[in-house]
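Below: one structure, written as structure tokens.
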Number of protein chains: 2
Amino acid sequence: MRIGVVAPARPVSREGSLRMAAFMALTYPQHEIVFHPQCYLEAGHFAGTDAQRAAAFLEFANDPAFDAIWFARGGYGSNRILEAVMPKLGPAANHKTYIGFSDMGFLLGALYARRIGRVAHGAMASSIGKNDDGTAAGWVLGWLIDGDKRGLEPGLADGRPAAAFNLSILASLIGTKYLPDLTDHVLYIEEVDEPLYRIDRMLFQMAHATQLKGIAGIRLGQVTAVKDNGEAEGNYSFGETIDQIILRWCAEMGVPYLGRAEIGHVELNRVVPFGLI
Amino acid sequence: MRIGVVAPARPVSREGSLRMAAFMALTYPQHEIVFHPQCYLEAGHFAGTDAQRAAAFLEFANDPAFDAIWFARGGYGSNRILEAVMPKLGPAANHKTYIGFSDMGFLLGALYARRIGRVAHGAMASSIGKNDDGTAAGWVLGWLIDGDKRGLEPGLADGRPAAAFNLSILASLIGTKYLPDLTDHVLYIEEVDEPLYRIDRMLFQMAHATQLKGIAGIRLGQVTAVKDNGEAEGNYSFGETIDQIILRWCAEMGVPYLGRAEIGHVELNRVVPFGLI
């Protein structure tokens, strides 16, 4: 298998890509991972300009020599290339798997909405840190290369179609043509670095999104690094826990809350293929 | 005129309401302002529970003895009472003006979507601070009581229907039934306390919102207290100014950018009645 890596949002370091290449050489030496040079570009916040990021994604996605696109890193920006890239994906783009999460949800959502390729939530290609043993990256590679299901989120055993999003990205897709039809899907969500009032506000939007009326249920992944809500300043707490919050909005949405899930901005971030596995 | 004040989001202090009552007594002694006791309740983040905030709003909105509802304060939470209050508004609610901004955009949007009463963006009833001379509060009162147009946003002179929202609130309404039909309206937006990448992401959503396809143009109010984008940590800047950002998204949206506007989280926050003035 030949895996191409591009960075539609923020750049990666050479060190990060070398760690991943080394991990790949150790675990799957007969397979190849190729980091596009665009991954290292820097243009303000982004891994190169919008045009450079769009061109790199199109180059690899439309290259029949790649079997999969593994996104390098999130951090914001993949939404800015959707208008440029989505109409230019050709037949080779359809015979590929796309995997990543967080900000990459913009691309995963848009691809899934158009039934282009196979799409999955999973750890990023720059996820191996100095103190990361590569468990989640191994789950991605095992699933991509061997179809190994041991890295899949356990809830998928229910046999229903699924999709997974960072809540901020899901909320940003609502009301646009890039949010896929998730009728009868179990929706997995996770969040990082947000105060509870914003999580609550995003769940309001999810609960009232016309496009999401037909979903089968919600699973909540890890909600990590919850930011201060203004409590420090005003000497009060939000007044609800994350579990109370998700239960209340699922009730208002009229959709079953199916419990927690093993996804998120954590080392043990499981693979969630979109649709049926 | 009799003006009722309720707090659908965060509470106000007795001091704040006394300042406003004093200002009203000085400037419009023949008119009355009534702060509902709910304004001072505290329940975690909120000015009372969802049920208490909903009940206070319904009590004043459905009371024919009030001519206007002036929202006390924003800060998050008015979205949580929409499901409870919107179906219970009666005939008296229709013969009223509702004014406020920021988080109150949830209610203003929902009211305007259902053509209930007259709706306007304007300073809050707790906006007079220790060092605030009450200019914006005076604009609200002058417009409410005397129909004085001197406090209106100057762009309204174009004669087109308008609506004004905090960008975060607008983004949160997109895709829901609470976003009003703004076809042919000029949309005024403002923002506070957000990093540029989030402003960019919200403008992406606005630009691609199916519901907003028919708007006549965009005006950008004050964008204040822009938060650090991660630059401090990563030693980079976002790479675009707010003016570049708004121009790029208006272009992608295919909607004219009509320039800046005098609204926002600032002392000189002008009145923008929704619809035609």
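None of the figures in this text is laboratory data; all of them are computed from the coordinates on show. A quick note: this is a predicted structure, and the numbers were derived from the prediction, not measured. A quick note on method: Cβ atoms are made from the backbone with ideal geometry, for glycine too, and the neighbour counts reach across all protein chains shown.
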#### Entry: chain A: calculated mean residue ellipticity at 222 nm from DSSP helix runs of at least 4, using -39500 (n - 2.57)
-8500 deg cm²/dmol
### Query
Roughly what angle does helix A:50-61 make with the longest principal axis of chain A, taking Cα atoms, 0 to 90 degrees, to the nearest 10?
70 degrees
### Task
Holding the Cα-Cα limit at 23 Å, pick out from B:K88/B:K149; A:K227/B:K227; A:K177/B:K177 the pairs that are longer than that.
B:K88/B:K149
### Task
Write down, largest first, the equivalent ellipsoid semi-axes of segment B:154-273 in whole Å, where each equals the square root of 5 times an eigenvalue of the alpha-carbon gyration tensor.
24, 16, 13
### Query
Relative to a virtual label point 7 Å from the Cα of B:M1 in the Cα→beta-carbon direction, which members of segment B:71-91 show backbone nitrogen distances below 14 Å?
B:71
### Message
Bin width 10 Å, origin at 0, all Cα-Cα pairs of segment A:207-277: what percent of pairs per bin?
### Response
16, 37, 35, 10, 1
### Message
For the protein assembly as shown, compute Rg over Rh where Rg is the Cα radius of gyration and Rh is the Kirkwood radius from the inverse mean 1/r over Cα pairs.
### Response
1.00
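Past the 26 angstrom mark, what percentage of all C-alpha to C-alpha distances in chain A do you count?
40 percent
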### Task
Would you grab the residues whose amide H sits under 5 Å from the one on B:R260? Only those 5+ places off in sequence or on another chain, please, with H modelled 1.01 Å from N.
B:L220
### Query
Cα centroid distance between segment B:255-273 and segment A:69-113, in Å?
35 Å
#### Entry: Inter-site label distance for B:D148 and A:H95 at 7 Å from Cα along Cβ, in nm
7.3 nm
### Query
Where q = 0.11, 0.15, 0.18 Å⁻¹, what log10 of I(q)/I(0) comes from the Debye formula for segment B:2-146, counting one point per Cα?
-0.34, -0.66, -0.97
### Message
Around B:G151, under 12 Å between beta carbons, what's the net of Lys plus Arg minus Asp minus Glu among the other residues?
### Response
-1
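Under 11 Å from the Cβ of A:P11, count the other residues' Cβ atoms, weight Lys and Arg +1, Asp and Glu -1, and hand me the total.
Its environment carries a net charge of +3.
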### Label distances, nm, B:R115 versus same residue in remaining copies, Cβ-directed 7 Å point
4.0
### Query
Which percentage, to the nearest 5, of the DSSP beta bridges contained in chain B is antiparallel?
10 percent
#### Entry: Cα-projected label distance for B:N62 with A:K88, points at 7 Å along beta-carbon direction, nm
5.8 nm
### Summary
Per GNM of chain A with C-alpha springs under 10 angstrom, the most fluctuating residue out of A:P256, A:P180, A:P161 is A:P256
### Query
So which residue of A has the beta-carbon closest to the axis that swings A onto B, and how many whole Å away?
A:G175, 1
### Task
Just subtract the alpha-carbon distance of A:D132 and A:L26 from 0.36 nm times their residue separation and send over the number in nm, one decimal.
36.7 nm
### Summary
For segment A:62-121, using Cα atoms only, the Rg and Dmax in Å read 10.6, 29
## Note on the structure
Within the set A:I99, A:I245, A:I189, GNM on chain A using Cα springs under 10 Å gives the largest fluctuation to A:I245
### Kirkwood hydrodynamic radius (C-alpha pairs) into Stokes-Einstein, segment A:1-72, 20 °C and 1.002 mPa s, D in µm²/s
174 µm²/s
### Across the identical copies, how the B:A25 labels are spaced - nm, sorted shortest first, 7 Å along Cα→Cβ
8.1
### Query
When chain B is treated as a GNM, springs tying every alpha-carbon pair under 10 Å, which of B:A162, B:A92, B:A136 comes out with the largest mean-square fluctuation?
B:A92
#### Entry: Helix A:242-253 vs. chain A, principal-axis angle (Cα, 0 to 90°, nearest 10)
80 degrees
### Task
Work out how much length A:K227 to A:K177 would gain on full extension: take 0.36 nm times their residue separation and subtract the Cα-Cα distance, in nm to one decimal.
14.9 nm
### Query
What are the nm distances, shortest first, from B:T210 to its equivalents in the other copies, labels at 7 Å along Cα→Cβ?
0.7
### Task
With a Förster radius of 30 Å, plug the Cβ-Cβ distance of B:T49 and A:E267 into 1/(1 + (r/R0)^6) and report the FRET value to the nearest 0.05.
0.20
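How large is the convex hull of the C-alpha atoms of segment A:116-208 per residue, in Å³?
About 142 Å³ per residue, rounded to a whole number.
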